[in-house]
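Presented below is the structure to which this report refers.
Only the coordinates and a few stated rules stand behind these numbers; no lab work does. Just so you know, these numbers come straight off a predicted model, no measurement behind them. Counting neighbours? That spans all protein chains shown, and the Cβs are built from the backbone with ideal geometry, glycine included.
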Amino acid sequence: MTGEVHREPIFSYTAGGMKELLELKQLSFKYPDYPGLEFPQLFSNINLTLNKGDFRIVLGKPESGKTTLSRIITGLIPRYTGGVLTGSILLNGKTTAELKPYELIEQAGTVFQNPDEQIITTRCDTEIAFPMESLGWERTIMTKRIDAALHDTDISRLKTRNPATLSGGEKKKLLIASLFALDPDVWILDETLEELDPASVQMILTQILQKEKTVLLLASKNPKIPENIQALYSVFSEGELFHRENLPEHSYQELLEQEGLVIPGNSTSFSLPVTLKKENKNGELLLQIRNVRYSYEGNREFSLTIDNLSLHKGEILSIVGENGSGKSTLGKILSGLIQPSSGDISIRNGEYMQSATAQALNAFTGFLFQNPDSQIFLPTVKEELSFNLDLDEHVLSDTIQLFSLPGKDVPPALMSYGARKRLQGAVYYLLAKRLYIIDEADSGLSINDYSNIISLLKKKNAALIIITHNMELSRFFSDRTYIMERGAIIKTIEKNQFSRVQTYFDTIKGNQ
Amino acid sequence: MITSTYQNGNSYIHKTDPRMKLFLLVFFTVSFFITDSISVTSLYFLFIMFLIGSSIGIKGMAAPVKTIYPLLIFVALLTPPFHPGGTVYLRIGSHILVSNNGIMETLRLIIRFTGITGIFFLFFRTTSIDDLILSLRWFHVPFTITLILTIAIRYIPHMIYLYTSVTDAHKLRKNWNSKEEKISFKTRIKNLFPVLVSVLIQSIKAIPTLAMSLELKGFGSKRPRSRYMTIHQYYSFPLQLFLLSAIVLTVILSAIL
Amino acid sequence: MSDQEQKNTFTRFSAFRIASLAILIAVTTIFTYLIRIPTAPTRGYLNLGDVAVFFTAITFGPFSALIAGGLGTALADIISGYAQWAPITFFAHGIQGFIVGLIIFAHRKNADNLRIGIVRLVLAFLGATIIMAGTYFVTGGFMYGFGAAATEIPGNILQNVAGVLIGYPLALAVRKAYPPVLTYKW
């Protein structure tokens with residue numbers, strides 16, 4: 001943790017001045033059904049009150065309704081999705097039922113989980129300016145607010161850059177800056193702290209709280225927040241919202257574990273699938289890399305340098321690193337999508353190890369992209385699974401069951417993100433590759449789904465590479481962890497050495 | 001990331017007000033069409049080539065011609081037979097293939113087409129799309145149109161990324177057992193089809209999310225919009241207005257005389 | 001083409017219309033600019049711009065096809081260094097899309113009649129080809145002579161053949177895979 005640690009909360013509210021900014025009363029929601037695909041009640045009778053200056057973290061596994069809730073509060077749902085919404089929402093004591101999203105932006109602002117879906121212009125300053133222009137603010141005020149907001153989020157140097165060229169973390173800072181400039185009363189942050197480093201988290205949260213903003217932070221993993229911030233917690237579980245202050249502490253902790261919201265470090269309640277528990281040191285060699293180099297045309301700052309890497313059958317390797325550290329480049333090389341400038345990649349072909357061509361690697365490796373939609377092409381689950389394969393009904397229905405897919409005739413494009421992610425796993429499960437690379441799958445999947453997919457893929461006599469930025473996850477699942485930075489492996493951690501390592505950022509600090 | 005043929009630079013044309021450049025672009029294009037005299041259009045042509053040469057360099061002068069030379073060959077071959085007259089240089093039987101009129105007409109078309117290509121090349125090479133959009137705003141093109149353009153340009157790199165990753169994913173799922181050495185036209189389309197479906201579905205699914213994002217930025221509000229960025233913050237239009245009127249006047253005078 | 005035109009209410013919002021046009025322009029641009037299938041004559045390759053135009057017209061209707069088809073292909077011209085064609089392209093493909101949209105969505109009562117469906121498609125193809133190839137021919141004729149402009153006609157007809165032969169099945173496949181798109185027409 002950087003910076004001074006204040007033991008006392010920066011903000012405090014007095015009972016007399018307490019003011020309800022946001023109240024949700026008996027809120028229930030259900031998405032509309034499609035033929036062949038029914039959606040259950042998403043949540044029922046949610047009650048939640050945010051007073052001025054509150055910092056409340058709502059935890060819930062993926063698809064528990066967090067994003068939907070944020071969009072209901074900001075007036076986007078059911079406006080865009082249809083569905084049945086009952087109950088009431090009060091902002092500053094007034095009901096929002098009749099208000100359009102653009103009439104609410106001065107009261108409640110939000111940052112989307114995926115910043116790419118929210119950015120609409122080609123320059124950072126015009127991006128921040130856009131909502132203020134909509135409100136008809138004076139140019140002089142806008143200029144002042146934009147500069148202050150960029151300064152507060154420490155991205156002043158990016159003012160005239162094209163947002164498309166920013167890293168994930170910088171994009172989130174830009175959207176936070178946008179809220180700073182617009183200055184709404186309630187801030188709804190959807191997984192916003194995910195890609196930010198601890199120093200940025202500390203800085204931004206401190207800024208928000210100094211301005212006495214009211215924050216609703218939605219997260220699928222218990223976020224590490226600075227100790228000087230006094231946070232309230234709520235948990236989504238089976239369509240209900242529980243508040244920590246109303247529960248005995250042990251039931252709250254149980255709830256977190258039951259929902260898979262904490263990585264089960266010492267807990268016993270989460271059991272690993274059997275295939276994951278076995279130590280896998282002595283499987284046959286599947287892949288061997290020697291002296292591989294790769295650099296992108298026109299980018300001199302980055303080059304991939306992997307001198308030696310080998311993988312055995314049944315082995316799980318984690319690769320941890322920040323955006324741009326070369327994780328995905330390595331993945332693309334191992335699956336033959338790009339070709340290294342030099343070096344050798346050998347793969348097992350029956351009895352022997354053989355230097356592999358790009359096409360051989362295409363066939364050898366299954367690369368599960370972070371975005372499952374790039375790997376889904378066809379109108380139904382059945383067609384998708386049997387694409388280019390000769391599947392009998394039996395295998396099909398088994399697979400559908402193993403990956404808990406909603407049915408063989410359902411259009412994948414209509415399924416939830418988690419289900420699409422599971423479908424992606426099922427597709428590669430059936431393709432029986434020898435190496436699976438799983439890219440950042442933890443962000444949209446519950447921990448149970450995640451470990452289920454990993455253990456099923458591992459059964460296929462394959463080796464696995466997990467790309468993640470979550471250290472705890474890699475400690476939990478993998479036999480070995482590589483830390484990558486600027487295209488090179490800077491640190492190797494074996495499973496048994498993992499004891500005290502906590503996060504990626506701690507590791508980097510310890511290393512320097 | 002390719003978003004236009006624009007290349008950053010420091011030349012005087014780069015520094016010229018994009019509104020003036022836009023005006024000259026339209027002005028010269030129209031002039032090329034309404035002027036019949038070869039000597040006058042040659043003058044325009046030389047002026048445009050001078051602008052390219054003096055701002056981008058001599059090499060830049062060849063760039064626009066490179067993109068159109070196959071068509072210029074067609075023009076040279078196909079125009080003369082349709083415009084017989086004057087001294088005949090080549091004939092087969094009773095068909096006049098090359099004559100004085102034909103050559104003059106060919107010259108006129110080549111100068112016109114190369115000139116128009118040159119001025120478009122110069123404009124887009126020295127004007128960023130952002131500046132073009134701001135200029136369009138200044139010429140009272142409605143906000144909705146310029147907004148649509150801005151968002152479209154913001155999404156093009158995203159779409160390119162989408163298309164590449166879907167193609168990559170498709171490669172990893174191909175059936176590698178069947179060895180097709182030659183990829184026929186039909187197989188190409190067959191392989192492309194699922195990729196296109198996937199790209200389209202992802203794009204279509206992005207529409208409501210983008211609409212939500214627009215409304216969260218206050219789009220739809222009935223309040224009058226203010227403007228953070230306008231073109232005259234960056235360029236001093238009145239100073240260059242003098243030069244502009246000089247050029248326009250010269251062109252009009254030379255056309256009349 | 002079954003017609004479940006239970007309209008989505010959000011297609012009325014101006015934000016939705018702006019968003020759909022912007023995305024469709026981007027789609028048309030990359031279809032034209034990025035996806036090229038090598039073939040024999042004239043331009044040497046077939047681009048999928050017309051496929052995008054047909055898809056947009058069939059899925060989103062004439063007005064979207066007018067704007068997205070026109071601006072998307074014009075933008076592709078600008079990006080690939082053929083900016084001088086951009087104004088012409090805008091009209092050629094914009095009106096092409098508009099005509100296809102009008103014909104496909106005319107007389108929706110008979111939407112399920114296969115024979116009328118085929119007639120409609122043939123008419124749309126003919127209208128699109130005449131408009132698109134015609135616009136290029138006439139404007140090209142003024143710019144660089146009708147002789148040279150005529151050499152482009154076969155290529156442009158081929159573009160339209162690809163447009164209807166790929167664009168129509170594509171529209172059907174997308175409807176099947178993502179049924180909500182049926183309500184996106186405005």
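Placing +1 on the Cβ of each Lys and Arg and -1 on the Cβ of each Asp and Glu in chain B, which of B:226, B:24, B:245 has its Cα farthest towards the positive end of the resulting dipole?
With unit charges placed on the Cβ atoms, the residue in question is B:226.
Taking residue A:19 as the anchor, which aspartates and glutamates have their alpha carbon closer than 20 Å to its alpha carbon, excluding any fewer than eight residues away along the same chain?
The qualifying aspartates and glutamates are A:54, A:106, A:183, A:185, A:212, A:245.
Would you list, by chain and number, the aspartates and glutamates whose Cα falls below 20 Å from the Cα of residue A:313, excluding same-chain residues fewer than 8 positions away?
Cross-link targets: A:279, A:284, A:344, A:351, A:439, A:479, A:494.
Using a simple charge model, +1 on the beta-carbon of Lys and Arg, -1 on the beta-carbon of Asp and Glu, nothing else, what dipole does chain A show about its Cα centre, in debye to the nearest 20?
Magnitude of the dipole: close to 900 debye.
Near the amide H of residue A:304, under 5 Å away, which other amide H atoms are found, from residues 5 or more places off or on another chain, if H is placed in the peptide plane?
A:294, A:295
With point charges of +1 on the Cβ of Lys and Arg and -1 on the Cβ of Asp and Glu, referenced to the Cα centre of the protein assembly as shown, which listed residue (B:106, A:452, C:179) lies farthest in the positive direction of the dipole?
B:106
Roughly how many Å is it from the Cα centre of the stretch B:48-67 to that of the stretch C:87-151, as a whole number?
That distance is 36 Å.
Can you give the extra length, in nm with one decimal, that the chain gains between residue B:23 and residue B:146 once fully stretched, where that is 0.36 nm per residue apart less the Cα-Cα distance?
42.5 nm
Which whole number gives the average count of other chain Cβ atoms within 10 Å of the Cβ atoms across peptide C:73-80?
Counting other chains' Cβ atoms within 10 Å and averaging over C:73-80 gives 4.
Just need the Rg to Rh number for the stretch A:384-462, please, alpha carbons only, Kirkwood Rh.
Dividing the radius of gyration by the Kirkwood radius yields 0.93.
Convert each backbone phi in the stretch A:480-490 into a coupling constant with the Karplus relation 6.51 cos²θ - 1.76 cosθ + 1.60 (shift: θ = phi - 60°), then list the ³J(HN,Hα) values in order as whole Hz, x for Gly and Pro.
Taking θ as phi minus 60°, the curve returns 8, 10, 10, 9, 10, 8, 6, x, 10, 7, 9 Hz for the stretch A:480-490.
Express the relative contact order of chain A as a whole percentage, based on alpha carbon pairs under 8 Å and six or more residues apart in sequence.
Result for chain A is 15 percent.
Given chain A, what percent of its DSSP beta bridges are antiparallel, to the nearest 5?
Counting DSSP beta bridges with both partners in chain A, the antiparallel share is about 55 percent.
Can you grab the distance from the C-alpha centre of the stretch A:70-122 to the C-alpha centre of the stretch B:185-257, Å, no decimals?
28 Å
Mind checking the alpha-carbon convex hull of the stretch B:185-257 and giving the volume per residue in Å³?
Considering the Cα atoms of the stretch B:185-257, their hull volume per residue is 264 Å³.
Using only alpha carbons, build the gyration tensor for the stretch B:1-139 and give me the equivalent ellipsoid semi-axes, biggest first, whole Å.
Ellipsoid half-lengths, sorted descending, are 35, 15, 12 Å.
Please compute, over every Cα-Cα pair in the protein assembly as shown, the percentage with a separation greater than 43 angstrom.
41 percent
Shape verdict for chain B, please, from the Cα gyration tensor: rounded (a/c under 1.5), prolate (a/b greater than b/c) or oblate.
Note, shape of chain B comes out oblate.
If I take R0 = 45 Å and measure r between the Cβ atoms of residue A:388 and residue C:119 in this structure, what FRET efficiency does the formula 1/(1 + (r/R0)^6) give, to the nearest 0.05?
Calculated transfer efficiency: 0.80.
What is the set of long-range amide H partners of residue A:287 at a cut-off below 5 Å, with H atoms built 1.01 Å from backbone N?
Excluding prolines and chain starts, which carry no amide H, the hits are A:311.
Inside 10 Å of the C-beta atoms of A:342-348, what's the mean count of C-beta atoms belonging to other chains?
If you average over the peptide's residues, the count of other-chain Cβ atoms is 0.
Quick check for me: using +1 on Lys/Arg Cβ and -1 on Asp/Glu Cβ, what's the dipole size of the stretch C:3-183 about its Cα centre, in debye to the nearest 20?
In total the dipole reaches around 440 debye.
Evaluate the distance, in nm, between pseudo-label points positioned 7 Å from the Cα of residue A:51 and of residue C:138 along their respective Cα→Cβ axes.
Calculated label separation equals 7.3 nm.
Suppose R0 equals 45 Å; then what is the FRET efficiency for residue A:95 and residue C:37 from their Cβ-Cβ distance, rounded to the nearest 0.05?
Step by step, r from the Cβ atoms, then E = 0.20.
For the stretch B:91-135, which semi-axes, largest first and in whole Å, follow from the square roots of 5 times the eigenvalues of its Cα gyration tensor?
One finds semi-axes of 41, 8, 6 Å for the stretch B:91-135.
What is the packing order of peptides B:68-81, B:158-171, taking the mean over residues of other C-beta atoms within 10 Å and listing the highest first?
B:158-171, B:68-81
Past 22 Å, Cα to Cα, is the threshold; run A:224/A:332; A:173/A:211; A:52/A:172; A:327/A:421; A:100/B:217 against it and keep the listed order.
Exceeds cut-off: A:224/A:332; A:52/A:172.
Averaged over its residues, how many other protein chain Cβ atoms are within 10 Å of peptide A:356-365's Cβ atoms?
Shielding by partners across A:356-365 averages 2.
Treating only the Cβ atoms of Lys and Arg (+1) and Asp and Glu (-1) as charged, compute the dipole magnitude of the protein assembly as shown about its Cα centre; round to the nearest 20 debye.
Charge dipole, the protein assembly as shown, about its Cα centre: 2020 debye, nearest 20.
Pop out the ³J(HN,Hα) list for the stretch A:359-370 in order, Karplus 6.51 cos²θ - 1.76 cosθ + 1.60 with θ = phi - 60°, rounded to Hz; leave Gly and Pro as x.
With coefficients 6.51, -1.76 and 1.60, one gets 5, 5, 5, 3, 7, 7, 10, x, 9, 8, 4, 4 Hz.
Per 10 Å bin from zero, what fraction in whole % of the C-alpha pairs of chain C is there, up to the bin with the longest pair?
Values per bin, smallest distances first: 10, 39, 34, 14, 3, 0.
As I understand it, the dipole of chain A uses +1 on the Cβ of Lys and Arg and -1 on the Cβ of Asp and Glu, about the Cα centre. Which of A:47, A:198, A:483 lies farthest toward its positive end?
A:483
How many angstrom separate the Cα center of the stretch A:350-380 from the Cα center of the stretch B:139-156?
39 Å
Quick one: divide the alpha-carbon radius of gyration of the stretch A:330-378 by 2.2 N^0.38 Å and tell me what you get.
Rounded to two decimals, the normalised Rg is 1.29.
In whole Hz, what ³J(HN,Hα) sequence does the stretch B:37-47 give by Karplus (6.51, -1.76, 1.60; θ = phi - 60°), x for Gly and Pro?
5, 5, 5, 5, 5, 4, 4, 4, 4, 5, 4
Need one number: nm distance between label points at residue B:246 and residue A:300, each 7 Å from Cα along Cα→Cβ, rounded to one decimal.
With each label point 7 Å from Cα toward Cβ, the separation is 4.1 nm.
Given a Förster distance of 56 Å, report the FRET efficiency between residue A:144 and residue A:488 from their Cβ-Cβ distance, rounded to the nearest 0.05.
Step by step, r from the Cβ atoms, then E = 0.80.
I'd like the per residue volume of the convex hull spanned by the Cα atoms of chain A, given in cubic angstrom.
It is 166 Å³ per residue.
Considering only DSSP beta bridges with both partners in the protein assembly as shown, what is the antiparallel share in %, to the nearest 5?
Bridges in the protein assembly as shown are about 60 percent antiparallel.
Which residues' amide hydrogens lie under 5 Å from the amide hydrogen of residue A:79, considering only partners 5 or more residues apart or on another chain, with H built in the peptide plane?
none
Give me the distance in nm between label points sitting 7 Å out from Cα along the Cα-to-Cβ direction at residue A:26 and residue A:254, one decimal.
For residue A:26 paired with residue A:254, the spin-label model returns 3.0 nm.
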